[in-house]
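Chemist: Take this structure first; my questions come after.
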Amino acid sequence: MGQFIQQLINGLTLGSVYGLIALGYTMVYGIIGMINFAHGDIYMVAAIISVTVITLLAALGISAVPLALMVTLLVVMAFTAVYGWSVERVAYRPLRTAPRLAPLISAIGMSIFLQNMVQLTQGARVKPIADMMPGQFNLFTFDGFTVFLSYTQLMIIVVTVVLLAIFTYIITRTSFGRQQRACEQDQTMTALLGVNVDRTISLTFMLGAALAAIAGVMVTIYYGVVDFAIGFVAGLKAFTAAVLGGIGSLPGAVLGGLIIGMLESFWSAYYSPEYKDVAGFALLILVLMFRPSGLLGRPEVEKV
Amino acid sequence: MSNQQSHLLEVKNLTMRFGGLTAINDLSLGIEGGKITSIIGPNGAGKTTFFNCLTGFYKPTTGSVQMNHPEHGALLLEKMPSHLVARKASVVRTFQNIRLFPNMTVLENLIVAQHNALQKASHFSLAGLLGLASYRQASEAAMEKAEMWLTRLKLRDIANMPTGNLSYGTQRRVEIARALCVDPLLICLDEPAAGLNPRESAELNDLLLYLTREHHKGVMLIEHDMNVVMKVSDHICVLNFGNKIAEGTPEQIQNNPEVIKAYLGEEEIEDTTEEEAA
Amino acid sequence: MTTFQARTHTVTLTERLKDATNVALIAILLGIPMIGLHTVDAGGKLMVATRWPWLLAFVATMFFGRLALQFAIDQFKLKRLTRQRTRTLEVATPRPWLKWLGYGLLGFSLVLPIAFSDNRYVVDTATTVLIYVMLGWGLNVVVGLAGLLDLGYVAFYAVGAYSYALLSTQFGWNFWETLPVAGALAALFGILLGWPTLRLRGDYLAIVTLGFGEIIRVILINWTEFSGGPNGIGSIERPSFFGLPFKPDSDDGATFASFFGLEYASEHRVIFLYYLILVLALLTNLFIARLRKLPVGLAWEAVREDEVACKALGMNVTNVKLSAFAIGAMLGGFAGVFFAARQGFISPESFVFSESATILAIVVLGGMGSQFGVVIAASLLVILPELGRDFSEYRMLLFGAAMILIMVWKPGGLISRREPSKVLAGVEK
Ligand SMILES: Nc1ncnc2c1ncn2[C@@H]1O[C@H](COP(=O)(O)OP(=O)(O)OP(=O)(O)O)[C@@H](O)[C@H]1O
Ligand SMILES: [Mg+2]
């Protein structure tokens, strides 16, 4: 029982990270109707940048945790957003009217490029950092098993919930959100109505990247190690989460992330850690077979 | 089942809703073989949606569409996936926004339309790979059929051109020729005269009459061009906001006050906003 | 006319400078965290180090590169405009030189081992090229013809390779016995994977295949009893020449060398393997060229062009896609069998995502759907890294960049011209 609750907490934490990345997938999908294949690598770039920033802050002697955390988040989000912008500008925008396969392939090219670029510029070695927020709440003891919730875990879960609320507000209530949803429906018409479609799409990519940046910072603090290759698997899982929740739906992305995170955590604890990736993938296939529009997505009718 | 063979296609109480919008409302209609039935109505009346429901692209909310097929008996189209509607029920359609295979030639487009017959003759490619005579015959027959329609629709000279580069009117003709290569019993044409010049549209009239009179095919026609509709139709059904507001011969429709009202929009502005808000 | 040109020119110059400055600013922002700063391991602890000169070089490159690019675009603007107008593929006039180049290459590939009989390295490299050509042709059916994006093609390659490795080491099957079985197995995997996913939108398929490739690798690494785990499977039976093994001497009867009265030389096998993959590749080419002219081949292309139209014509789109997927998988399986037989040792290392990406790059680079393009691209992608060995760490980086650039520049690939598979005789072109 104690073990079970502990895995639940771990799963929620992991799931929150997937959810944050999945939000980026879902937002970009919502506006251009395409998967951003380089999104997992944007997350990886963010994690690597956060290692640099955290190390730099420590070297400068800024040790107050809230201050260091805020600075890290802001700096990493800003730089990562530029990466998100560049991905759209280079790999997607020139191909907006091209056949469907073309932007997908250029985005895969972008993903390969980013991963190898980071490997070359930052090195292939794993990068460890010291725990920024040591400490935990010991919740209760059950059968001699103490269930705990670390400060980092709490922060990750809270941040995810808050961000979900903020982004749902942005998409449903602000004029940017309206412009974004209009672009999703009909780009040409939206442009004719005086909305800057290019800017709206760019901004969406940047917001998605900023969310990935937050996930990257969180993971760096949570695990304490990152390397250039983490984007691939994380991206795959976050995508699974987005599809599971219903691609295009913001709460769906977070819900999907939580489910994948918990599945993985329980699978590792009770079955086998080696095959946890297999479990997530099997779930993806099942979802696509039985509910392709996801848990919270609307079934789509192809307009002919 | 099909005791009353009078109608080729029997539409009963068809309703299609998209969320709050009722695109087709309780539509019942009979379509005869060998005749031209036109569906007309203002923009957004639900005409294309009606075709989509017939051909398996949309699943209607309620109602039934029954095809009385001379070989396969009564078939319920609303229960069939779109490819079976074409293959088994022999109901083939064209699209309002032309859908050709742009990088393939005109001839190839017409051969692709005969895929099922050819695939069968090639025994899932085995006979084809081995170059057996049975497959070669089928392949030649397909070429002949394609050539026949190409000649009839004056497309023979451009048979080896990719369709993506052709003019709008020509593309429309290719799409019709391609649909005819499926050997339909009922062919549903969605605005075939849109973008045609007067000469082309007169040729279209001839073609439609030829198809019904000589080949005894049923034709369903969605068209805004009243010159075409009134000249060739045997029967006309008028839709407005998803409702059938009139039905009859061209003369009856031309003199129907409801239709005139729907088209000229007399006192319609208020109704429109109400319907859209709903 | 002249005044007009002069005016646009002056406007362009300042605008170009502004534009390049913007690019440089972006480059600074991109470069600071990746090039300007990096973390180094200083005795178990990370330290931040700087590389400002590198950053400066990067930003300068971007600035002047952008200027040069814009200048080039200005120069060729006219050309570009005309190209865009006739964008949907020119009418496919036959290009005789391409055909002759093809025959020339074929002739060259036939005599290559004889011409380089004293250079084992060349023959080995050529064999590698041919493996990629075969993989490229297999994937071309899926991506180029049917328009399905498969990012886990290497999984089918792995299925083929492990089938042969296991069947030969466990049950003593030989190369020719395994070949059809492994192909069928790979095709079966393709069908099992494709059946639930092919009815969905294209980008879902891409992710699912990507995941599938990963899963196969995870299983191969972890299921040690079955696959040997990370250590892989070794001492796999090498193919023999119709039962004559390539060995110095054999316990039971003749060897290749003794049978033909030759002195044993290790090159015999290298040359034999080369011809073996050449034959397999040529058969593959013949097979696909034939399929393309059959209804199924036309259907693949039609599905790539417009699925909705295919459905309206009565085509079962899912089955058409499945057939492309299965045939592509089968060809990948064949290539895998050859790979295992050639190496004599396989491990999960050989079946990573970058391998899938390489094969995809070959297809994309060559021109989707073009058999000849695949040959050119495979040769380029295998031989270039071999020539510049020191360059090898940049290989994947350049791959990624090339994929983006080629898509942006020519979304159809290097050879994007499509030859119609049916022609009405007696009609122009
Ligand atoms: N897939 C869909 N989802 C939501 N609404 C739809 C869908 N398809 C059609 N509609 C709506 O149904 C209504 C009828 O559309 P339809 O295309 O059938 O009109 P139409 O009579 O063909 O008009 P037109 O003459 O302009 O072609 C419209 O309000 C349209 O927006
Ligand atoms: Mg319409």
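The values are calculated or read from the model by the stated rules, or taken from the named source; none is laboratory data. Since we're looking at a predicted model, the values are computed, not measured. All Cβ positions, even for glycine, are placed from backbone atoms using ideal geometry, and neighbour counts span all protein chains on display. Please note that ligands, DNA and RNA were not included when accessible areas were found on the heavy atoms of the full protein model with its side chains. Shrake-Rupley method; radii C 1.70, N 1.55, O 1.52, S 1.80 Å.
Chemist: Restricting attention to segment B:170-198, and to residues there that are assigned to a helix (DSSP H, G or I) and within 16 Å of ligand 2 (Cβ to nearest atom), which single residue is farthest from the other protein chains (Cβ to nearest Cβ)?
Modeler: In this case the residue turns out to be B:Arg172.
Chemist: While we're here: If B:Leu207 meets every condition in (1) open to solvent by less than 40 Å² (accessible area, probe 1.4 Å); (2) within 19 Å of the chain's Cα centre (by Cα); (3) not assigned by TED's automatic domain parsing to the domain that holds B:Met67 apart from one, which number is that one?
Modeler: (3)
Chemist: Restricting to segment B:147-171, give me the number of residues that are open to solvent by 30 Å² or more (accessible area, probe 1.4 Å) and of a type outside the set (Gly, Ala, Ser).
Modeler: Looking only at that region, the number is 12.
Chemist: Please tell me if B:Asn52 is open to solvent by 30 Å² or more (accessible area, probe 1.4 Å), assigned by TED's automatic domain parsing to the domain that holds B:Arg213, under 26 Å from B:Asn227 (Cα atoms) and within 13 Å of ligand 2 (Cβ to nearest atom).
Modeler: Answer is no for this residue.
Chemist: Output the residue which, of all residues in segment B:231-257 that are away from ligand 2 (no atom under 16 Å from the Cβ) and under 24 Å from B:Pro184 (Cα atoms), is most open to solvent (accessible area, probe 1.4 Å).
Modeler: By that ranking, first place goes to B:Lys231.
Chemist: Also, quick follow-up: Filter segment B:18-31 for residues that are more than 9 Å from ligand 1 (Cβ to nearest atom), more than 30 Å from B:Leu207 (Cα to Cα) and not acidic (Asp, Glu) and give the result.
Modeler: Hits for segment B:18-31 are B:Gly20, B:Asn25.
Chemist: If I ask for residues that are buried (at least 24 other Cβ atoms within 10 Å of the Cβ), assigned to a helix (DSSP H, G or I) and more than 9 Å from chain C (Cβ to nearest Cβ), which ones from segment A:32-46 would you list?
Modeler: Passing the criteria: A:His39, A:Gly40, A:Asp41, A:Ile42, A:Tyr43, A:Met44, A:Ala46.
Chemist: In addition: Considering only residues that are among the hydroxyl-bearing types (Ser, Thr, Tyr) and in a helix (DSSP H, G or I), look in segment C:322-354 and name the one that is modelled with the highest pLDDT.
Modeler: C:Ser323
Chemist: If you check A:Thr97, A:Thr80, A:Thr72, which single one turns out to be among the polar types (S, T, N, Q), open to solvent by 60 Å² or more (accessible area, probe 1.4 Å), out of contact with any Phe, Trp or Tyr (no Cβ under 7 Å at 6 or more places or on another chain) and more than 7 Å from every other protein chain (Cβ to nearest Cβ)?
Modeler: Testing whether each residue is among the polar types (S, T, N, Q), open to solvent by 60 Å² or more (accessible area, probe 1.4 Å), out of contact with any Phe, Trp or Tyr (no Cβ under 7 Å at 6 or more places or on another chain) and more than 7 Å from every other protein chain (Cβ to nearest Cβ) leaves just A:Thr97.
Chemist: So is B:Thr105 in contact with a Pro (Cβ under 8 Å, 6 or more places away or on another chain) and either under 22 Å from B:Cys181 (Cβ atoms) or open to solvent by 30 Å² or more (accessible area, probe 1.4 Å) (or both) or not?
Modeler: Judged against the criteria, B:Thr105 is a match.
Chemist: Given the structure, is C:Phe189 at pLDDT 85 or above, away from chain A (no Cβ under 14 Å) and over 21 Å from C:Arg304 (Cβ atoms)?
Modeler: So C:Phe189 does not fit the description; no.
Chemist: Checking B:Tyr58 against (1) more than 18 Å from C:Ala312 (Cβ to Cβ); (2) touching a residue at least 24 places away in the same chain (Cβ under 8 Å); (3) within 16 Å of ligand 1 (Cβ to nearest atom), only one condition comes out false. Which one?
Modeler: (1)
Chemist: Assuming C:Val408 fulfils every condition listed in (1) over 17 Å from C:Ala377 (Cα atoms); (2) open to solvent by 70 Å² or more (accessible area, probe 1.4 Å) apart from one, which condition is it?
Modeler: (2)
Chemist: On to the next question. Which of the helices (runs of 4 or more DSSP H) contained wholly in segment B:59-169 include at least 2 residues that are at pLDDT below 90?
Modeler: Hits in segment B:59-169: B:115-121, B:126-130, B:133-152.
Chemist: Just give me the residues in segment B:81-99 being within 7 Å of chain C (Cβ to nearest Cβ) and either open to solvent by 40 Å² or more (accessible area, probe 1.4 Å) or farther than 9 Å from C:Gly314 by Cα (or both), in sequence order.
Modeler: B:Arg87, B:Arg93, B:Arg99
Chemist: Further question on the same structure: For segment C:14-39, which residues satisfy the criterion of being within 12 Å of another protein chain (Cβ to nearest Cβ) and surrounded by fewer than 14 Cβ atoms within 10 Å (Cβ to Cβ)?
Modeler: C:Asn22
Chemist: A follow-up question, please. Which one of A:Ile49, A:Ile62, A:Ile5 is in contact with a helix residue (DSSP H, G or I) (Cβ under 6 Å, 6 or more places away or on another chain) and more than 12 Å from chain C (Cβ to nearest Cβ)?
Modeler: One residue alone meets the criteria, A:Ile62.
Chemist: Then there is this: Under the condition of being more than 19 Å from B:Lys217 (Cβ to Cβ) and touching a residue at least 24 places away in the same chain (Cβ under 8 Å), which residue from segment B:32-43 is farthest from ligand 1 (Cβ to nearest atom)?
Modeler: B:Ile40
Chemist: If the requirement is being surrounded by fewer than 19 Cβ atoms within 10 Å (Cβ to Cβ), in a helix (DSSP H, G or I) and within 11 Å of another protein chain (Cβ to nearest Cβ), which of these qualifies: A:Ala279, A:Ala269, A:Ala242, A:Ala238?
Modeler: Testing whether each residue is surrounded by fewer than 19 Cβ atoms within 10 Å (Cβ to Cβ), in a helix (DSSP H, G or I) and within 11 Å of another protein chain (Cβ to nearest Cβ) leaves just A:Ala279.
Chemist: Tell me, please, whether a residue that is more than 24 Å from C:Trp409 (Cβ to Cβ) and at pLDDT below 70 can be found in segment C:85-108.
Modeler: yes
Chemist: So A:Val53 ticks every box in (1) outside any helix (DSSP H, G or I); (2) open to solvent by less than 60 Å² (accessible area, probe 1.4 Å) but one. Which box is left unticked?
Modeler: Exception for A:Val53: condition (1).
Chemist: Could you list, ordered by first residue, the pairs with Cβ atoms under 6 Å in which the first is in segment B:64-91 and on the phi > 0 side of the Ramachandran plot and the second is in a helix (DSSP H, G or I) and open to solvent by 30 Å² or more (accessible area, probe 1.4 Å), at least 6 apart or interchain?
Modeler: The qualifying pairs do not exist here.
Chemist: Given C:Leu331, C:Leu384, which one is closer than 23 Å to C:Gly102 by Cβ and without any contact (Cβ under 8 Å) to a residue 12 or more places away in the chain?
Modeler: That would be C:Leu384, the only listed residue that is closer than 23 Å to C:Gly102 by Cβ and without any contact (Cβ under 8 Å) to a residue 12 or more places away in the chain.
Chemist: Then there's this: Would you confirm whether any residue within segment B:57-74 is within 16 Å of ligand 2 (Cβ to nearest atom) and within 14 Å of chain C (Cβ to nearest Cβ)?
Modeler: There is at least one residue in segment B:57-74 that is within 16 Å of ligand 2 (Cβ to nearest atom) and within 14 Å of chain C (Cβ to nearest Cβ).
Chemist: Evaluate the following for A:Ser86: is it of a type in the set (S, T, N, Q) and at the interface with chain C (Cβ under 9 Å from one of its Cβ atoms)?
Modeler: It is true that A:Ser86 is of a type in the set (S, T, N, Q) and at the interface with chain C (Cβ under 9 Å from one of its Cβ atoms).
Chemist: Turning to a different aspect of this structure: Which residue out of A:Thr141, A:Thr152, A:Thr160, A:Thr188 is exposed (fewer than 15 other Cβ atoms within 10 Å of the Cβ) and more than 14 Å from every other protein chain (Cβ to nearest Cβ)?
Modeler: Just a single option satisfies the conditions, and that option is A:Thr141.
Chemist: With C:Val40, C:Val59 as the choices, which residue is in the same structural domain as C:Leu13 (by TED's automatic domain parsing), modelled with pLDDT of 95 or more and within 28 Å of A:Ala78 (Cα to Cα)?
Modeler: Sole residue among the options that is in the same structural domain as C:Leu13 (by TED's automatic domain parsing), modelled with pLDDT of 95 or more and within 28 Å of A:Ala78 (Cα to Cα): C:Val59.
Chemist: Taking only segment B:19-49 into account, find how many residues are within 16 Å of ligand 2 (Cβ to nearest atom), within 14 Å of chain A (Cβ to nearest Cβ) and either among the basic types (Lys, Arg) or not in a strand (DSSP E or B) (or both).
Modeler: 5
Chemist: Of all residues in segment A:101-138 being surrounded by fewer than 16 Cβ atoms within 10 Å (Cβ to Cβ) and assigned to a loop (DSSP other than H, G, I, E, B), which is farthest from the other protein chains (Cβ to nearest Cβ)?
Modeler: This residue is A:Gly135.
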